[in-house]
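The structure appears below as structure tokens.
The values are calculated or read from the model by the stated rules, or taken from the named source; none is laboratory data. It should be emphasised that the depicted structure is a prediction, and the values quoted were computed from it without experimental measurement. Here the Cβ is made from the backbone with ideal geometry for all residues, glycine too, and neighbour counts use every protein chain on show. Only protein heavy atoms, including side chains, enter the accessible area calculation; ligands, DNA and RNA are left aside. Shrake-Rupley method; radii C 1.70, N 1.55, O 1.52, S 1.80 Å.
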Amino acid sequence: MGEKADVWQGTLALMVLKTLQLLGPLHGYGIARRIEQTSGDLLAVNYGTLYPALLKLEQEGYISSEWGVSDNNRKAKYYKLTRAGRKQLEREERDWAQTTSILARFLAPEEGQS
Amino acid sequence: MRNLRAWFLRLSGLFLKQRRDRDLDAEVRSHLQLHIEENLHVGMTPQQARREALMKLGGLEQTKELYRERRGLPLLETLVQDLRYGLRTLRKNTGFTSVAILTLALGIGANTAIFSVVNAVLLRSLPFKASERLVLVWNQGPAAAGGDRTPLAVSDLLDWRTQNRSFDEIGAFQNRSFNYVGGSSPEWIQAASVTANFFFLLGVQPELGRNLLPDDEHPGAQPVALLSDGFWRSRFASDPNVVGRSISLDGDSYVVIGVAPPHIDFPSKDAALWAILQFKPPTRRGPYFLTGIARLKNGVSLQAARAEVNTIKTSFPSGQHMINGQQFTFNVLPINEFIVGDVRFALLVLMAAVTLVLFIAAVNVANLMLVRSATRTKEMSLRAALGASRSRIIRQLLTESILLALAGGVIGVLLAAAGARLLLKLAPHTIPNLSQIGIDGRVLAWTALVSLLTGVFFGLAPAWHSARLSLDEALKEGGRATTESAAKRRWRSLLVVTELGLAVLLLISAGLLIKSFWRLQRVDSGVITERILTMQLQLRGPRYAKPQQLDTFYPRLLERIAALPGVRTATVSNSLPPDTTEYSDDFTIEGRPTDPALPPPIAYMIFVSPDYFRAFGIPLRRGRLFTASDSPGSQRVAIISETTARQFFPQEDPIGKRFNEKGEIVGIVADVKYTGLTEPIEPAIYEPLSQAHSWDVLLSVKTDVADPLSLSSAVRAELNSLDPELPLSKVGTLDYRFATAVAQPRFRTTLIALFAALALVLAVIGTYGVISYSVTQRTHEIGIRMALGAQAEGVLKLVLKQGALLAIAGVLLGLCGSFALTGLLRNLLFNVSATDWPTFGGVAVLLAGTALLACYVPARRATRIDPTVALRYE
């Protein structure tokens, strides 16, 4: 494992938070499904890796969990965003935007030079 | 912040594992169900739906494992696992475990015991404020005047104070004794006379009452004293109203102004009180009786102070006193050095010895573990096959070693506690802080650390070896369960050779010390010490104020004691061999001007009653001894020792020469050691007590009985009848005084000999173990040899040769090491060279012999191998 996993973990966490912000409280399977869809099926990832990530977010206090009942009357554990999670999401979104714009300048073709 | 929260939650995740696992199971199950339902909805068959869901999840067990790792603290969990497994394994192999623990307990216990002494003596901080800035100061004079610790004179103190630039505060003290009358009967007590700033220098405040003040120093002021805590408790029953009481010291009235806190054992453990030192402005340089104590200014280094202090000039320059010259040469010594300096080296040597013993013990256990690991190869390979990483296996094996070591440590502490009690009984009184030797927090922490390191040390190599196995080699069907790799065999031989070498080093060190001590005990002190009762008398008060009173007292006392049954002779003197003298002084020889180029004539002045030489069997070389006719009115006479004659009358006959203007030398006697058994003999001049008076004398009674102490009550009775108020002390025998003089060397020699013996036993056991195991390994091979016609003798030689190689290698290693290192012991050796060949040779033979003897048992076992059985042995 190593650095790649950490980066991946970080991005996954961000995706989870964003999903919960957009869709409200959701169970693990739902979150995994949603992430897969949003990424346009580009990310073929094991759903199992989601659960340690969810646990980490919960340990850090960004999401909270509760057993509930799904639409088809199935018991499932629902996760929802906390206030701290909301703030963290805003912060991370800002950071990402900044990183992207800086990088864009570097990686964009030079004007007037070849 | 978030991370902290996460860590805490992970810590709590260690508990309630079962419930949390059930929770996780439920969540994973619900996940799969939801997924499967969706799949069914899309149109898959139930089997397809389930399979797709499981695949998408990415492995059920793996998901759970990843989750669990995130939930708890995996490191901690595996540690707990290792501990439980380790305990179980150790408990199953009771033989191995008990031998290992016992060996470790001996090694660690010895270490703990010595460290507890080091802790109490060297590491404990002194109860003084900023003791690193406190120094003691003496003059540096000729050996006969006190050498490096020649006392200061009052004028020296005052000169120093006036010209000082390096010290904040300068004081002085003198060890002395008083005839104390304050209770039922008079007794003499050890005490100190101190300047007013003494306690201020130490940074000590009295527990009760007030401190000494500068005004108390004035010669006309009421003399005052501070009691020690112990003295206050025992003589005054901790009376809170003791302040203001009057006590009589040597006939003078002192007022008690306070009580010091406990454990201020300075300048001596036995000081009962500190009395104020009052002195008038001096008119000459001498007498010399003070020890200076001072506090360095902040920022001034010891070297700077030493340099500065040697530029101070005396206000009484003249060529005619003991310490010539105008400028001082002071000896400035930090107080810590003073208190522990003598024993520090010996303690460090002991610490080194005990570390070597521990090393040998650890090596033995390492060998044991290597043997055991051979039987666990299958277990280790299985673990590796099941997915255990190498570091995991090593961690688990190390946990076992550390458990062993800690168990050994616990038993070692118990052994050390018992041993410490024994140590206290044997230890000489001169070791500082003796009463504080014990097992305290720091000692326990040290033991834990040592156990941990030992466990890692002897566990690491075997653990690393075990983990390095290749999978197929060990899981081979029908493979020999007890194959030993060549590397392992080499390791074990190397370890045993190291053990033997270290044992040789320790044995040689012990041998040298024993020889040295033996020689010390046989030093010719110049006297016959048997059957002599000794005690100390101090004549104080108005009864003995005038010298004439002494002249009547001493002869009467001696006459009465000599009349007692069992007494051959009685004598009093102001000095006693081997190391008690009163003082030394310069003397002049008629017709010889003081030549500043030559060393000044200084000798120890020994005042004796006429029977002194007879009582101690000191032979007369020339001239005559003192008689009763040498009285106060008659010609002053003196007898000199051979060394005095040799040094100051090399070409002429001293008899008849006049010295110190009025005296005449009438005899020469053989030398006697008065300055310690290991020191060279200093010049001595004897004078009769009737002419040179002393009020502090030692009474020596030469008896005919086996136990001189049995006569002590009779002697006491005679003393009492002459003067019921006269205190006497230090009742003992001359043999006892001699024994006390060598108490320290005896102590350390005994300890090192003990450790060396322990090392020998451990090393020999280790050798036995290796050879014995090797015989077991080679059973098959030996069976073949015997089947092919080898005789029992041949087999014996085979095994013994192996053992002999180890022994010789070990001995050679040890001899080389000793040759290089025993030079360090030079300070502790008396009359013995650090490379004393007989000792080296003797130890080599001893160790080789015992090692070979140890090999003999397994060798015999090898000869009794039945070839038919051995050939089937795998």
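Things worth noting here:
- Considering only B:563, B:629, B:619, the residue lying farthest towards the positive end of the dipole of region B:495-630 is B:563, judged by Cα position with unit charges set on Cβ.
- Rounded percent of accessible protein surface that carbon and sulfur make up, region B:58-215, 1.4 Å probe: 55
- Neighbours of residue B:540, meaning other residues whose beta-carbon lies under 10 angstrom from its beta-carbon, give a summed charge of -3 when Lys and Arg score +1 and Asp and Glu score -1.
- Using a Förster distance of 41 Å, the FRET efficiency for residue B:757-residue B:130 (Cβ separation, nearest 0.05): 0.40
- Of all DSSP bridge pairs formed entirely within chain B, close to 80 percent run antiparallel.
- Computed extension length for residue B:846-residue B:55: 277.4 nm, one decimal, from 0.36 nm per residue of separation with the Cα-Cα distance subtracted.
- Pairs of Cα atoms nearer than 8 Å and 6+ residues apart set the relative contact order; for chain B it is 15 percent.
- Region B:250-289 and region B:334-355 have Cα centres separated by 30 Å.
- Proximal charge balance of residue B:749 [Cβ under 14 Å; K/R count +1, D/E count -1]: +4
- Residues in region B:22-36 that, when all protein chains are in place, have 20 Å² or more less accessible area than the chain alone would give (probe 1.4 Å): B:23, B:27, B:30, B:31, B:33, B:34, B:35
- Across the options B:739, B:751, B:728, the greatest Cα extent toward the positive end of the charge dipole of region B:708-762 (unit charges at beta carbon of Lys, Arg, Asp, Glu) belongs to B:751.
- Of the three principal axes defined by the Cα atoms of region B:504-651, the extents in descending order read 66, 52, 33 Å.
- Under a model in which nothing but the beta-carbon of Lys, Arg (+1) and Asp, Glu (-1) is charged, region B:731-819 shows a dipole of about 100 debye around its Cα centre.
- Shielded by partner chains, region B:66-80 residues - at least 40 Å² of accessible area, 1.4 Å probe, vs chain alone: B:66, B:67, B:70
- Taking a sphere under 10 Å around the Cβ of residue B:49 and counting the other residues whose Cβ falls inside, with K and R at +1 and D and E at -1, yields a net charge of -1.
- With a 10 Å cut-off around each Cβ of B:575-583, the average count of Cβ atoms from other chains is 0.
- For residues of B:37-48, the mean tally of beta carbons on other chains within 10 Å: 1
- Between residue B:456 and residue B:853, the contour length at 0.36 nm per residue exceeds the alpha carbon distance by 139.7 nm.
- Full-extension gain in nm, residue B:725 to residue B:545, via 0.36 nm per residue minus C-alpha separation: 63.3 nm
- Highest to lowest packing among B:630-642, B:718-730, B:191-203, B:550-562, scored as the average C-beta count within 10 Å: B:191-203, B:630-642, B:550-562, B:718-730
- Where the protein assembly as shown is the region considered: accessible area per residue in Å², 1.4 Å probe: 49
- Beta-bridge orientation, region B:138-256: approximately 90 percent antiparallel, per DSSP, counting only bridges with both partners inside.
- Modelled spin labels at residue B:589 and residue B:710, positioned 7 Å past Cα toward Cβ, are 4.9 nm from each other.
- Summed over both chains, the accessible area lost when A and B associate is about 2500 Å², using a 1.4 Å probe.
- Two tests apply to each whole DSSP H helix in chain B, Cα reach of 18 Å or more along its axis and mean Kyte-Doolittle hydropathy of at least 0.5, and the ones passing both are B:94-118, B:335-375, B:390-426, B:441-467, B:486-521, B:743-777, B:792-821, B:837-863.
- Here the protein assembly as shown is assigned +1 on the Cβ of each Lys and Arg and -1 on the Cβ of each Asp and Glu. Its dipole about the Cα centre then comes out at about 3600 debye.
- Considering only B:274, A:17, B:448, and ranking their Cα positions along the charge dipole of the protein assembly as shown that arises from unit charges at the beta-carbon of Lys, Arg, Asp and Glu, the one farthest toward the positive end is A:17.
- Antiparallel DSSP beta bridges within region B:618-726, percent to nearest 5: 55
- Percent accessible area from carbon and sulfur atoms, region B:723-820, protein chains only, probe 1.4 Å: 69
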